[in-house]
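Colleague: I have a structure here, written as structure tokens, and I will follow up with some questions on it.
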Amino acid sequence: MARYRTLRGLGDRLGRTFCGPQAPDSAVLRPVNSVDGMTAQSVAMETSLIETMSQALLAVEGICGVFCDLTRKPPATIEWE
């Protein structure tokens with residue numbers, strides 16, 4: 001899993017704060033199906049699977065958020081940039 005920094009102290013309109021010095025990182029799930037690597041379609045995952053994976057990832061020290069990227073290729077690449 002690649003590690004990318006998120007904005008620290010990000011909050012919402014209710015005044016809740018997400019992320020911080022104790023958990024500055026996020027994880028991105030990007031389920032794709034590709035036959036040749038030149039094109040790829042995003043794959044829908046069951047809600048229960050997303051919830052299970054998110055809970056497991058949020059239990060990892062330093063992870064404050066889990067996101068799902070459903071971008072197909074093209075325009076995106078399969079690898080995270």
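Quick note: the coordinates plus some simple rules give every number you see, no bench work behind them. What you see is a predicted model; the values in this text were computed from it and never measured.
Colleague: Quick one: Karplus J couplings for the range 47-56, per residue in order, coefficients 6.51, -1.76, 1.60, θ = phi - 60°, nearest Hz, x for Gly and Pro?
Modeller: The phi angles translate into 4, 5, 5, 4, 5, 4, 5, 4, 4, 5 Hz.
Colleague: Classify the range 39-81 as rounded, prolate or oblate from the Cα gyration tensor: take a ≥ b ≥ c as the square roots of its eigenvalues, call it rounded if a/c is under 1.5, otherwise prolate when a/b beats b/c and oblate if not.
Modeller: oblate
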